[in-house]
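Reviewing the structure listed below.
Each reported figure results from applying straightforward, stated rules to the coordinates on display, with no laboratory input. Just so you know, these numbers come straight off a predicted model, no measurement behind them. Glycine gets a Cβ as well: all are built from the backbone with ideal geometry, and neighbour counts include every protein chain shown.
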Amino acid sequence: MDEDDLLEPDRSTAQDRRAELSLGALVFAVLALLLAMFAFVLHEGWPSFAHNGLGWFGGGGSVDQQIQAIFTSGDLKTTPVYTFHAWPLIWGTILITAGAVVIAFVSSLFVAVFLVEFSPEWLRRMLDPVVRLLASVPSIVYGLAGVLVIVPLIGNHLITETEKASVTPAIQLSGASVLAAVLILTVMIAPIMIAVFADGLRAVPRGWLEGSLALGINPWRTFWKVGVRTARPALIAGTVLATARALGEAIMLSLVSGGVPFAPNPADGFPIFLFEPTQTLAATIIRNGDQLDSPPMKHTLYAIAAVLLFSAAMLSLIGWAAKQPMRRYGVVA
Amino acid sequence: MSTAITASARRHERPTASWRLTDRLGLGLAWLLGLLFCAIAGAIVVFFLIEGVRYLRPALLVTNPVAGVSQGETGGFLDPLLGTVIIGAMAMAIAIPVGVAIAVWLSEFGRPTLMARVAESAIEMMAGEPAVVLALFGLTLFELPALGFLSQTSHGVVLGQSFFAAAALLSLVGLPLVVASTREGLQAIPAHVREASYALGKTKIATTRRVLLPAARPSVITGSMLGLGRVIGDTAIVLLLLGGTLTFQPANSTPVLGVLRGTGDTLTGYMYYNSPAGDGNSHSKAYAAAFVLMLIVLALNLGVDVVVRRSRRAVRWS
């Protein structure tokens with residue numbers, strides 16, 4: 001009997017310990033898999049970085065020709081070619097992502113404020129599910145609408161013949177452009193931002209807002225100065241999430257941005273510059289994903305993947321760091 | 001409740017005329033952008049509704065894609081539709097158990113603390129990882145001879161493209177959503193519920209299994225549906241890892257395993273094939289597939305709504 005009393009709690013804790021160990025092992029395995037992926041992508045991409053040095057991130061030459069040379073050098077029994085200058089792709093990615101995130105951030109903030117505080121009740125009840133639906137619509141659907149509707153619209157109506165003629169020897173302006181990409185990407189990531197922003201704004205304690213109102217501050221100023229500031233962590237979280245989506249978007253952007261690895265040149269003049277096609281880093285991986293059997297090509301694609309992975313990790317780190325000082329004041333929204 | 005401010009403002013007939021110009025401009029801009037968003041959202045929904053109703057024929061749902069010269073001969077998208085279902089089921093079969101286990105560990109155990117912090121940020125980071133990178137990694141991973149039994153082998157070279165490969169990588173896409181939602185649900189359960197169970201002599205794991213997980217079931221379901229939505233909407237992994245062959249190409253004649261080891265396609269892959277960038281380039285088929293995909297996503301969203309609403313009505317801890 002004594003033994004039973006002593007064994008009973010022991011057995012139960014042993015059960016717990018076993019469960020904790022096996023769950024912990026699973027978590028550890030997933031972490032190890034992620035780490036392995038990071039290491040593997042870096043390792044596979046290294047030859048491309050090593051051969052090009054910092055020139056990898058620079059410009060020079062046509063990316064299309066470089067990729068062609070890299071690919072064919074893997075097939076022949078010659079020395080593999082690694083020369084790759086990714087600046088047009090990087091510039092295209094920065095341009096499209098930054099453009100879409102900036103536009104989407106400003107408009108999503110206003111829409112979220114409107115949705116949470118100033119819209120009529122019936123409109124809010126209708127829009128809440130719509131925002132969530134749009135946030136979960138697959139990107140290829142947006143890409144399809146973009147390439148079949150927006151791109152021809154831009155190509156046929158926005159771009160004039162003289163504009164087309166002015167850049168003709170270098171590139172063709174078909175409508176698949178930075179502008180189309182930014183527009184579609186904005187529409188795609190705005191619902192994600194609005195959903196996260198609105199959640200954060202809704203979590204602002206009513207008392208804080210009422211305190212401001214009691215001081216005679218008008219509703220708009222109250223919500224802008226108290227509500228939006230309190231929800232800053234949510235603003236950061238939403239922006240980071242949306243930027244990560246934008247950065248990693250491959251298919252949709254390869255459809256609407258033209259798929260030409262060309263660096264849009266601001267010196268070409270303001271509207272024309274937006275009509276020029278480009279290609280993003282992620283889209284390049286998709287376009288050449290079937291050429292992995294050529295070793296130098298594989299290393300080059302993995303180098304691109306490493307840049308994307310690193311950017312995504314940095315983004316997540318920045319979001320985390322930006323939230324830290326706010327956490328101290330107990331601002332959790 | 002959140003209309004309190006505007007409602008009170010209206011009650012007291014406070015005219016915005018006394019506001020500063022910037023405040024009035026801000027409010028005006030909020031209304032403008034809010035209504036613009038409504039217009040865009042409405043346009044998107046109406047556009048796909050019209051195109052979908054215009055091009056979707058029942059025959060498309062029950063016939064397979066075939067090579068053909070004209071629109072009428074290229075068949076429908078039965079196999080891609082089934083592919084979407086298979087891929088979604090397989091990916092979530094991995095993501096849900098693993099995701100729930102990770103969430104339980106994070107919320108109920110979480111020792112050593114350092115590992116918990118690392119795991120937390122890693123899962124968060126995973127949600128932001130580009131799917132293309134996952135796809136590229138998966139392609140190399142499943143080309144390993146040791147994993148050849150999961151895909152096809154021809155002339156000693158492992159193809160690395162199969163339902164198994166795509167589902168394994170897609171489960172990583174759905175995983176963060178399952179973890180986040182489940183964890184939130186577990187943390188919303190007050191501590192005294194756990195303590196009551198411990199006081200009855202239950203172990204921690206028994207408490208988790210019998211008390212906490214049933215209570216957090218709505219969160220698990222919500223997370224799973226959101227994850228499933230992401231999984232079936234992904235195109236990059238499907239294109240690279242599923243092979244993008246329009247119909248099922250079984251690896252061998254084994255009934256189920258043969259298909260799963262073989263290549264196929266999903267609705268998203270079919271849409272890409274029928275977009276101007278693909279070989280099919282048939283707008284009507286792409287719109288029809290997009291409509292079906294949107295209906296699936298809409299159903300998942302409604303499912304989440306129902307689950308959330310029902311859980312709100314359920315027992316309150318107090």
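For the reader, a short list of remarks on this structure follows.
- Which of A:Tyr302, B:Tyr198, A:Tyr82 has the fewest Cβ neighbours within 10 Å, and the rest in rising order: B:Tyr198, A:Tyr82, A:Tyr302
- The modelled label-to-label distance for the pair A:Phe310/B:Val62, using points 7 Å beyond Cα in the direction of Cβ, is 5.6 nm.
- Taking the number of Cβ atoms within 10 Å of each Cβ as an exposure proxy, the fewest-first ranking of B:Met225, A:Met193, B:Met90 is B:Met90, B:Met225, A:Met193.
- More than 22 angstrom apart: percent of Cα pairs within region B:88-228: 48
- 10 Å-binned pair-distance histogram of region B:192-293 (Cα, whole percent): 14, 26, 21, 15, 14, 8, 1
- Overall shape of region B:259-318 was characterised from the C-alpha gyration tensor. The equivalent ellipsoid obtained from it has semi-axes of 38, 15, 7 Å, in decreasing order.
- Förster radius 56 Å - calculated FRET efficiency between A:Thr72 and B:Arg313, Cβ distance, rounded to 0.05: 0.30
- DSSP H segments from chain A that extend 20 Å or more along their own axis, Cα-based, with Kyte-Doolittle mean of -0.5 or above: A:2-52, A:87-113, A:121-135, A:178-202, A:232-248, A:295-327
- The alpha-carbon of A:Lys298 sits under 16 angstrom from the alpha-carbons of these aspartates and glutamates, leaving out residues fewer than 8 places away in its chain: A:Glu44, A:Asp64, A:Asp75, A:Asp290, B:Glu143.
- With the convex hull constructed from alpha-carbon coordinates only, region B:21-113 shows a mean projected area of 13.3 nm² over all directions.
- Hydrodynamic estimate: the Kirkwood radius of region A:88-327 over Cα pairs, inserted into Stokes-Einstein at 37 °C and 0.692 mPa s, corresponds to D of 168 µm²/s.
- When the alpha carbon coordinates of region B:24-72 are projected onto the principal axes, the ranges are 60, 19, 14 Å, largest first.
- GNM result for chain B, Cα springs below 10 Å: residue of B:Ala59, B:Ala199, B:Ala93 fluctuating most strongly: B:Ala199
- Take each residue of peptide A:25-36, count the partner chain Cβ atoms within 10 Å of its Cβ, and average: the result is 5.
- If you plug the beta carbon distance of A:Ala29 and B:Thr16 into 1/(1 + (r/R0)^6) with R0 = 45 Å, you get a FRET efficiency near 0.15.
- When the alpha carbon gyration tensor of chain B is reduced to an equivalent ellipsoid, its three semi-axes come out at 40, 33, 18 angstrom, largest first.
- Once the Cβ-Cβ distance of B:Asp305 and A:Ala214 is raised to the sixth power relative to R0 = 30 Å, the FRET efficiency obtained is 0.25.
- The protein assembly as shown - Rg and Dmax from Cα coordinates, angstrom: 26.3, 98
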